[in-house]
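Enquirer: The structure that follows is given in the form of structure tokens.
The values are calculated or read from the model by the stated rules, or taken from the named source; none is laboratory data. Owing to the predicted nature of the structure, the values given are computational and were not obtained by experimental measurement. No Cβ is skipped: glycine too gets one built from the backbone with ideal geometry, and neighbour counts run over all protein chains shown.
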Amino acid sequence: GLYFLSPRAIEPGTPIDVEVVLVDRPLGRGSIRMCSTAHIVRVDGSVKSGWHGLAAIFDEISYSRDEPMPAHASAD
């Protein structure tokens with residue numbers, strides 16, 4: 001799951017799209033991103049005025065790379 005702060009409260013059950021950069025390389029070479037559909041499961045107050053703590057659970061996750069995976073040599 002995911003917990004983040006938002007300037008807007010989002011009702012539990014609301015679907016959201018999430019993109020997380022796992023590895024960020026200069027000029028986009030070697031970057032890896034996690035893309036997910038998720039939904040809000042909890043809304044909390046925050047010590048930061050005007051913000052809300054949101055908890056979401058991932059529904060589907062996919063990964064994107066800007067370079068192909070290197071081929072592995074087989075050990076014969």
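Enquirer: Any idea which residue in segment 14-40 is farthest from D66 (Cα to Cα), counting only those that are among the aliphatic types (A, V, I, L, M) and surrounded by 14 or more Cβ atoms within 10 Å (Cβ to Cβ)?
Expert: Result: I40.
Enquirer: State all residues of segment 1-24 that are of a type in the set (D, E, K, R) and either out of contact with any Ser or Thr (no Cβ under 9 Å at 6 or more places or on another chain) or touching a residue at least 12 places away in the same chain (Cβ under 8 Å) (or both); if no residue qualifies, say none.
Expert: Hits for segment 1-24 are R8, E11, D17, E19.
Enquirer: Filter segment 37-57 down to residues that are at pLDDT 95 or above and either not charged (D, E, K, R) or not in a strand (DSSP E or B) (or both), then give me how many there are.
Expert: Residues that pass the stated criteria total 13.
Enquirer: Quick check on my filter: what residues within segment 14-36 are part of a loop (DSSP other than H, G, I, E, B), within 17 Å of the chain's Cα centre (by Cα) and not β-branched (V, I, T)?
Expert: Answer for segment 14-36, where residues must be part of a loop (DSSP other than H, G, I, E, B), within 17 Å of the chain's Cα centre (by Cα) and not β-branched (V, I, T): D24, S31.
Enquirer: Report the residue count in segment 1-41 for those that are among the hydrophobic types (A, V, I, L, M, F, W, C) and closer than 13 Å to D59 by Cα.
Expert: 8
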